[in-house]
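Here is the structure we will look at.
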Amino acid sequence: MAKLVIRWAVVGTLLLLVFKPIAKAQDTKAKYGDVEILVFRDHGGQASHGYTEWRFALTNHNKDKNHRVSLEFPHLKYGGSGIRSLSRTVEVGPGQTLVTSIFQPARPRVQGANLEVTIDGQRKEEVISFRPAESAASVPQSYRGGRVFFSHATSTTNDTLVLSSQRIPDNFFDQVFVPAGRIGPKPANPKAGGAGEHAPDPAPGIVVGPHIGGLAVAPRANNTVFQAQFIRSVTPISLWSSRWLAYTRFDLIALTPEDLEELQNGTPETRTVLAALWRYVETGGTLLVVGSEKIPIPASWKKTLSTNEAPNQVFPIYRPCFGACILASLPREKWQAEHWDQVISQTSLSASPWKSYRSLIDLNNSFPAVEDIAVPVRGLFALMILFSFIIGPVNLFILNRRRKRIWLLWTVPALSSIFCLMVIGYMIVAEGWRGHSRVAGFTILDETEKRATTLGLAAYYSPMTPGDGLRFSEDTEIIVLGNQHPAYSGNCAIDCTEGQHLSRGFVAARVPSHFGLRKSEMRRERITVKKEGDSLVIGNALGVDLQQLTLADANGILWTAGPVAAGATATMKREEHLNRKALPTLRLRNLMTMPDWTTGIKNAIDQPHEFLGPNSYLAVVEESPFLETGLKDANQKPTRSVVLGLMESN
């Protein structure tokens, strides 16, 4: 027993040393008997997409008893529709400190404040002061994340979010655009609070930095400025989240080589933070590494390096999967217009999918869960006519002949109930009882890293509101699509105890619901390839049937096969030579920026060779093995998905 006490004391001391900087920064903690709760400080900023991760450290000071702790916010609920409950329940062992997370999506908004605590089934009266993250649209244009921005751009909203580490200088992104024809004093330094000194007259169309003495940085022909919320991390990078979903709300993350080396050479926990950043990039994010072109990268990234593929590219870029990693070794003070243009354009690409709002009709036309969602008007109208005839003339005629008109008091309600049941029965016969789902995805399967990165779309339709809601894994980002989505008009609830359970408000009866999905997870599925004489024999280890497989070998020769059942082998047919020496990473990057990802899936199915490089394959499958259907016991509509495999020798 004494050894056990000493062991837990050592663990508690180490955890205290880790959590102490965060506790000091936030100073938000509460104690309920044996259980102490510490709320970690967030990076800040107002997101227009993605997730905000709220982390909590739960400490059980009882050495003999477990405690079941439930965290839920908001406690104080404001008016309007949106998310009314975000919760998670965990079991904290004796003497244990457990770190857990709740992921808050940017849309729909959380309506309320304060954190509610329930321990062992008993809800505590005392709540923790807590304010959920806000949407970017709710923040005044003149103030962003604690810093005033001088901008003459015409945009009325600023929903691009940039995160930088503590090693990035605080004024790295500070800049003011001086429009053509304007000569005058430099704006005041918002941090110093001064009135502003007179700067040297810059030439028209010049970007100048407010904290570098009016030095002209670069002429800018297109008269634009890097408009964004610039957030500098409040914690060292070693204490950043190890979950890639925590970074989905950022369109750009700026680091230094020293940051990456600290994560790479640190503890197993810091290496999980590094892996989360790699996954953030692969799912479409932009990473800016300032100070060197030599960084520790995943092995599969090495052949995605591009030096002059795009017209405005001056910095080398790695383009793994759907994202971009910019290597900016040039000192900041030497950056010219083309350097800023490259950073801004890549950031804009990461932000572009979230800037378009499609109508419910548009979404349902391009990706319907069922072919016909029209109400069966003719049948219902016939039932209404029959009901009116029976409850009126027929009912009165019969009761009048029997001289029992007083029975109208019970015959009318009884007939009404019978016809209500008939309407429900007719709707069940016409549409069925079960819901309908449709899921399609474009997956890049990196066989070297054993990682699958997926962009997908999910559509749902249910005659009745599903009682169990929708369920997704912890590795899936769920994006509400359409400005008429049921989530914007209902009271939504999400439980993060087991994966992500969208338990209420996200699917309404007889209203189509559409979601974008981004997913990054460790997977071991693959296509095996064996050379037999002059032919290639492939084995389908993807777990689903293949409709068509197109493969480019190490020499760039195209081979085709299909259909191939799951677990079966097939001899491939030689086709033509691929006139390409590398994977078309720019095409994959552009695919992510499309407002409708099903367009990219269709293009890949129609022209598979356009997406291939040496040692890669493109498989067309009827059912994606990398995306969950979400809706329990639903009728799933068959939809083709795409798997782009990067073989280990690539």
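The residue pairs whose first member lies in the range 601-626 and is touching a residue at least 60 places away in the same chain (Cβ under 8 Å), whose second member is part of a helix (DSSP H, G or I), and whose beta carbons are closer than 7 Å, counting only pairs six or more residues apart or on different chains, are Ala604/Phe611; Leu618/Ala604; Leu618/Pro608; Leu618/Phe611; Val620/Ile605. Here Ala566, Ala570, Ala582 are screened, and the one residue that is in a loop (DSSP other than H, G, I, E, B), aliphatic (A, V, I, L, M), at pLDDT 90 or above and more than 27 Å from the chain's Cα centre (by Cα) is Ala566.
Residue-wise test of (1) farther than 22 Å from Gly45 by Cα; (2) in a loop (DSSP other than H, G, I, E, B); (3) without any contact (Cβ under 8 Å) to a residue 40 or more places away in the chain; (4) in the same structural domain as Ala493 (by TED's automatic domain parsing).
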{"site": "Arg68", "(1), (2), (3), (4)": "yes, no, no, no"}
{"site": "Leu71", "(1), (2), (3), (4)": "yes, no, no, no"}
{"site": "Gly80", "(1), (2), (3), (4)": "yes, yes, yes, no"}
{"site": "Arg88", "(1), (2), (3), (4)": "yes, no, no, no"}
{"site": "Gly95", "(1), (2), (3), (4)": "yes, yes, no, no"}
{"site": "Phe103", "(1), (2), (3), (4)": "no, no, no, no"}
{"site": "Pro108", "(1), (2), (3), (4)": "no, yes, no, no"}
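Counting only helices (runs of 4 or more DSSP H) that sit completely within the range 249-366, those holding 2 or more residues that are closer than 24 Å to Thr593 by Cα and among the β-branched types (Val, Ile, Thr) correspond to 337-351. Here Val529 fulfils each of the conditions (1) within 23 Å of His609 (Cβ to Cβ); (2) touching a Pro at 6+ places or on another chain (Cβ under 9 Å); (3) surrounded by 13 or more Cβ atoms within 10 Å (Cβ to Cβ) apart from (2). Taking the condition in contact with a Gly (Cβ under 9 Å, 6 or more places away or on another chain) and among the β-branched types (Val, Ile, Thr), does Ile424 pass? No. Of the candidates Arg518, Arg510, Arg523, the single residue that is in contact with a strand residue (DSSP E or B) (Cβ under 9 Å, 6 or more places away or on another chain), more than 30 Å from Tyr318 (Cα to Cα) and touching a residue at least 40 places away in the same chain (Cβ under 8 Å) is Arg510. Out of Leu578, Leu542, Leu558, one residue alone is touching a helix residue (DSSP H, G or I) at 6+ places or on another chain (Cβ under 7 Å), touching a residue at least 40 places away in the same chain (Cβ under 8 Å), buried (at least 18 other Cβ atoms within 10 Å of the Cβ) and more than 25 Å from Pro353 (Cβ to Cβ). It is Leu558. A residue that is surrounded by fewer than 18 Cβ atoms within 10 Å (Cβ to Cβ) and modelled with pLDDT under 85 cannot be found anywhere in the range 56-68.
Let's see how each residue does on (1) under 30 Å from Ile424 (Cβ atoms); (2) touching a residue at least 40 places away in the same chain (Cβ under 8 Å); (3) not in a strand (DSSP E or B):
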| site | (1), (2), (3) |
| --- | --- |
| Leu455 | no, yes, no |
| Tyr460 | yes, yes, no |
| Pro463 | yes, yes, yes |
| Gly467 | yes, no, yes |
| Arg471 | yes, yes, no |
| Ile479 | no, yes, no |
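Taking Thr28, is it among the hydroxyl-bearing types (Ser, Thr, Tyr), over 18 Å from Ser241 (Cα atoms), out of contact with any Cys (no Cβ under 9 Å at 6 or more places or on another chain) and modelled with pLDDT of 95 or more? When the stated conditions are applied, Thr28 does not pass them.
If you go through the range 110-154 and pick out every residue that is polar (S, T, N, Q), modelled with pLDDT under 90 and not in a strand (DSSP E or B), you end up with 6. Apart from one condition, Leu396 fits all of (1) in the same structural domain as Ile297 (by TED's automatic domain parsing); (2) modelled with pLDDT of 80 or more; the exception is (1). Residue count for the range 220-267 under the criterion of being of a type outside the set (Phe, Trp, Tyr), at pLDDT below 85 and under 23 Å from Pro169 (Cβ atoms): the result is 4.
The values are calculated or read from the model by the stated rules, or taken from the named source; none is laboratory data. No experiment lies behind these values; they were computed from the predicted model shown. Ideal geometry is used to build each Cβ from the backbone, glycine not excepted, and the neighbour counts take in all protein chains shown.
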